[in-house]
Each structure stands twice: as C-alpha cells, then as structure tokens.
1. Dividing the alpha-carbon Rg of the chain by 2.2 N^0.38 Å yields what?
2. Can you spot the lysines whose alpha carbon is less than 26 Å from Lys34's alpha carbon? Ignore those fewer than 8 places along the same chain.
3. Can you tell which of Gly51, Gly59, Gly33 shows the greatest fluctuation in a Gaussian network model of the chain with Cα springs below 10 Å?
4. Excluding residues on the same chain fewer than 8 positions from Lys127, give the lysines whose Cα lies under 27 Å from its Cα.
5. Quick one: if you stick a label point 7 Å off each Cα along the C-beta vector at Arg102 and Leu123, how many nm between them?
Amino acid sequence: MSAAEASQRLDKWLWAARFFKTRSQAQDAVKGGKVHVDGARVKPAHNIRVGQQLKITRGEVVFRVSVAQLVDKRGPASVAVTMYSESEESRARREAAAAARRERRELRDAYGGRPDKRTRRVLTDIKRG
C-alpha cells in the first residue's frame, strides 16, 4: 500500500487477515459488537491504521491483536499472520481456553458422546451443588 493509503476499512482488514471467512461475516461481527478498536465499539466502515489495538471475539475465542500491516487483498494464511501481532497474554488465554474445551470434549467422549436426559439432569444437579 502507498503512503496515501495509510488506512483501511475494518471489515476488509478482518477478512484479509482471515479472522472471518467472508466480508459480510466480518461486517456482522463488527455491527454485533464483537470487534472493538482501541476499546471502542465502531462501525464496519471504520478506518484502521497500523498500531491500533483490536479486540476480536469469535465464539468463545477472544483475540487481542495489534495491527501490523495493511493489505488490500486477501492472500494466503502465511501472509495473513504477518498482518497482526497477538499479545502473549491473549495467546496464553486462548490456549488455556482451547485446553479446557479439549478436556470437556474428552470427558464427553469418555461417557459415550452426548449425555441422555437422565445424565443431563444429574450433571445439572452436580453443577448447581
């Protein structure tokens, strides 16, 4: 990008950085308050610049990234990773959440898949104490 194009639409950047599969998914996430720029809720057409901090929530996963590069086209994943830098705290929190999800999945698989009605009630009683 040239010096004159020192900013880019937020939804387009999220799509190019491969946080979302389509631009419309990126727009919906921004409209739904799942993406914050420097701690503020913004619109999909908001222009972002290099160095700004983004908080991106995708399901249970929360990314805290800093914009490192602006690219006008969506490229391979190897290029998309260079467009941002994720904080170590964010990475550690994401990995811990992934480990917890794996543990829940392993527990579910150990008991033969999804619980039946009776087992769900027992699990609910255990959770409530």
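1. Ratio of Cα Rg to 2.2 N^0.38 Å: 1.36.
2. Lys12, Lys21, Lys43, Lys55, Lys73
3. Looking only at Gly51, Gly59, Gly33, the biggest GNM fluctuation is shown by Gly59.
4. Cross-link targets: Lys117.
5. 2.0 nm
Only the coordinates and a few stated rules stand behind these numbers; no lab work does. On a predicted model such as this, the values are computed, not experimentally measured, just so you know. Reconstructed Cβ throughout: ideal geometry from the backbone, glycine too, with neighbour counts over all protein chains shown.
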